[in-house]
1. Take ALA50 and decide whether it is farther than 22 Å from SER9 by Cα and among the hydrophobic types (A, V, I, L, M, F, W, C).
2. All but one of (1) among the aliphatic types (A, V, I, L, M); (2) without any contact (Cβ under 8 Å) to a residue 40 or more places away in the chain; (3) in contact with a helix residue (DSSP H, G or I) (Cβ under 8 Å, 6 or more places away or on another chain) hold for ALA81; which doesn't?
3. Go through segment 1-19 and report how many residues are more than 15 Å from LEU80 (Cα to Cα) and surrounded by fewer than 18 Cβ atoms within 10 Å (Cβ to Cβ).
4. Considering (1) modelled with pLDDT of 95 or more; (2) touching a strand residue (DSSP E or B) at 6+ places or on another chain (Cβ under 9 Å); (3) not in a loop (DSSP other than H, G, I, E, B), say which one PRO67 fails and leave the rest.
5. Pick from segment 47-80 the residues that are over 15 Å from LEU17 (Cβ atoms) and either among the aliphatic types (A, V, I, L, M) or touching a Cys at 6+ places or on another chain (Cβ under 6 Å) (or both): which of them is surrounded by the most Cβ atoms within 10 Å (Cβ to Cβ)?
6. Mind listing whichever residues of segment 28-41 are loosely packed, with under 13 Cβ neighbours inside 10 Å, in a helix (DSSP H, G or I) and in contact (Cβ under 8 Å) with a residue 12 or more places away in the chain?
Amino acid sequence: MLTIKVLGSGCANCKRLEKLTKKVINDLGVEAEVVKVTDPTKYADYGVMATPGLVVDDETVSSGRIPSIAEITTFVTSALATQ
């Protein structure tokens, strides 16, 4: 099962990224856990200096912007291919 982390304080962009990520997971029919990381001291652990950040299976795939649905789909399918 994939673990996907959305890093951010809970701002509108962070909530939007979480919503888009859950949509992609549902659309793909993938079993994944989406975890919200709101502690700013944890962001640096993933190399994220600007939020929102997206981490798929402990690999930072995006930070400082909201990736498109197509990009999120690619991140998730790529992670599944390496499992």
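The values are calculated or read from the model by the stated rules, or taken from the named source; none is laboratory data. Because the structure is a prediction, the values reported are computed rather than measured. Positions of Cβ are backbone-derived with ideal geometry, glycine not excepted, and every protein chain shown enters the neighbour counts.
1. On the way: farther than 22 Å from SER9 by Cα: no; among the hydrophobic types (A, V, I, L, M, F, W, C): yes.
In short, no.
2. (3)
3. Residues meeting the conditions: 8.
4. (3)
5. The qualifying residue surrounded by the most Cβ atoms within 10 Å (Cβ to Cβ) is ALA79.
6. PRO40
Residues checked against (1) at pLDDT 95 or above; (2) of a type outside the set (Ser, Thr, Tyr):
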| position | (1), (2) |
| --- | --- |
| CYS11 | no, yes |
| THR21 | yes, no |
| VAL37 | yes, yes |
| VAL61 | yes, yes |
| THR73 | yes, no |
